[in-house]
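Contents: one structure, followed by commentary.
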Amino acid sequence: MNILNLKRIGAITLVVLLLGLYITTFILAFMKSPTAQKLFQASAIATIALPVMLYAYMLIYKYLKNRNNPNQ
């Protein structure tokens with residue numbers, strides 16, 4: 001499997017996951033139960049943390065890839 005296909009599959013998966021988190025966060029914002037409040041907080045944190053973690057992983061991967069190939 002080509003690396004570009006893996007990146008494309010990963011990007012599509014992340015977009016679907018983020019859309020699901022956005023929809024879940026929106027729905028939980030209107031619920032009144034204490035459980036919904038905790039789930040809303042978890043969903044809001046995951047909505048922020050997921051892209052930040054992905055960006056950090058991309059930076060680490062880029063650094064490690066360039067460290068192994070000093071000519072590039």
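The values are calculated or read from the model by the stated rules, or taken from the named source; none is laboratory data. Given the structure is predicted, the values throughout are model-derived calculations rather than measurements. In this analysis, Cβ positions are derived from the backbone assuming ideal geometry, glycine residues included, and neighbour counts consider all displayed protein chains.
Quick check on my filter: what residues within region 1-13 are under 13 Å from the mean Cα position of the chain (by Cα) and surrounded by fewer than 11 Cβ atoms within 10 Å (Cβ to Cβ)?
Hits for region 1-13 are ILE12, THR13.
Select from region 34-60 the residues that are hydroxyl-bearing (Ser, Thr, Tyr) and either within 11 Å of the chain's Cα centre (by Cα) or modelled with pLDDT under 85 (or both) and list them in ascending order.
THR47, TYR55, TYR57
Here is a check on your reading of the model: is VAL16 of a type outside the set (D, E, K, R), part of a helix (DSSP H, G or I), at pLDDT 85 or above and surrounded by fewer than 10 Cβ atoms within 10 Å (Cβ to Cβ)?
No; evaluated as a whole, the condition is false for this residue.
Please verify whether MET31 is surrounded by 10 or more Cβ atoms within 10 Å (Cβ to Cβ) and either of a type in the set (S, T, N, Q) or at pLDDT 85 or above (or both), treating the condition exactly as stated. Break it down into steps so the answer makes sense when it comes.
Working: surrounded by 10 or more Cβ atoms within 10 Å (Cβ to Cβ): yes; either of a type in the set (S, T, N, Q) or at pLDDT 85 or above (or both): yes.
Yes, satisfied.
Select from region 25-52 the residues that are within 15 Å of LEU14 (Cα to Cα) and of a type in the set (A, V, I, L, M) and list them in ascending order. Step through it out loud before you land on a result.
Quick first cut of region 25-52, residues within 15 Å of LEU14 (Cα to Cα) only: 43, 46-52.
Within region 25-52, ALA46, ILE48, ALA49, LEU50, VAL52 meet the criteria.
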